[in-house]
Amino acid sequence: MVHNISLPPGEFGGPWIDDLFMGTLDPQAHPYFRKIAGLEVSAHYVIRRDGSLIQYVPTDKRAWHAGVSSWKGCERCNDFSIGVELEGADDVPFAEPQYETLARLARGLQARYGKLDLAGHSDIAPGRKTDPGPWFDWARFRASVT
Ligand SMILES: [Zn+2]
């Protein structure tokens, strides 16, 4: 499952995403952080703007990235999905190296798990979530994985 995240929203490159997923986000560091610090959230992977890949949760363990969600009639997508957060926002293009890393990651996961459904957070939580957003190039991603 593909997401985007930036902390604070719209800013890239800071340590905050790492802090959030490590559970160490300082609620005082930015007004927005007060709303999200302490939330139980995580993702299996983050792909930074430069394409670097960071893993937070083993793929055979559950990460808390989906929230209230449904995919093909199954609820609670955290129970059966792998969450990948691209450092990005709904209103800006993703960086070239991010597609390359994401393709490599997805191919590796498919080699391990077999063919995977590729979906976005907005697909499993429509009306509630908009990421990865209109800039994410699904056609390119799908073509790079198959
Ligand atoms: Zn998301």
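Overview of values
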| quantity | calculated |
| --- | --- |
| Check on Asp26, farther than 20 Å from Tyr99 by Cα, touching a residue at least 12 places away in the same chain (Cβ under 8 Å) and among the acidic types (Asp, Glu) | no |
| Looking only at segment 112-125, and only at residues there that are among the small types (Gly, Ala, Ser), in a loop (DSSP other than H, G, I, E, B) and touching a helix residue (DSSP H, G or I) at 6+ places or on another chain (Cβ under 9 Å), the one that is surrounded by the fewest Cβ atoms within 10 Å (Cβ to Cβ) | Ala119 |
| Scan of segment 18-48 for residues that are assigned to a loop (DSSP other than H, G, I, E, B) and surrounded by 17 or more Cβ atoms within 10 Å (Cβ to Cβ), ordered by number | Leu25, His30, Ala37, Val41, Ser42, Ala43, His44, Arg48 |
| Segment 18-58, residues that are among the β-branched types (Val, Ile, Thr) and within 12 Å of the ligand (Cβ to nearest atom) | Val41, Val46 |
| Considering residues of segment 73-101 that are farther than 21 Å from Gly14 by Cβ and hydrophobic (A, V, I, L, M, F, W, C) only, the residue surrounded by the most Cβ atoms within 10 Å (Cβ to Cβ) | Cys77 |
| Residue ID - surrounded by the most Cβ atoms within 10 Å (Cβ to Cβ), chosen from residues in segment 126-146 that are assigned to a loop (DSSP other than H, G, I, E, B) and out of contact with any helix residue (DSSP H, G or I) (no Cβ under 8 Å at 6 or more places or on another chain) | Phe136 |
| Some residue of segment 96-111 being in a loop (DSSP other than H, G, I, E, B) and either closer than 22 Å to Gly73 by Cβ or more than 14 Å from the ligand (Cβ to nearest atom) (or both) | no |
| Selection status of Lys129, within 11 Å of the ligand (Cβ to nearest atom) and either modelled with pLDDT of 95 or more or within 22 Å of Ser70 (Cα to Cα) (or both) | yes |
| Condition met for Gly108 (open to solvent by 20 Å² or more (accessible area, probe 1.4 Å) and at positive phi) | no |
| Single residue of segment 60-83 satisfying the filter (in contact with a Ser or Thr (Cβ under 8 Å, 6 or more places away or on another chain), more than 12 Å from the ligand (Cβ to nearest atom) and of a type in the set (A, V, I, L, M, F, W, C)) that is farthest from Gly127 (Cα to Cα) | Ile82 |
| Test: residue in segment 91-102 that is modelled with pLDDT of 95 or more and farther than 22 Å from Trp135 by Cα | no |
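The values are calculated or read from the model by the stated rules, or taken from the named source; none is laboratory data. Computed from a prediction, not measured in an experiment: that's the story for all the values here. Because the Cβ atoms are built from the backbone with ideal geometry, glycine has one as well, and the counts that use them run over all protein chains shown. The accessibility values were calculated without ligands, DNA or RNA, using every heavy atom of the protein model including side chains. Shrake-Rupley method; radii C 1.70, N 1.55, O 1.52, S 1.80 Å.
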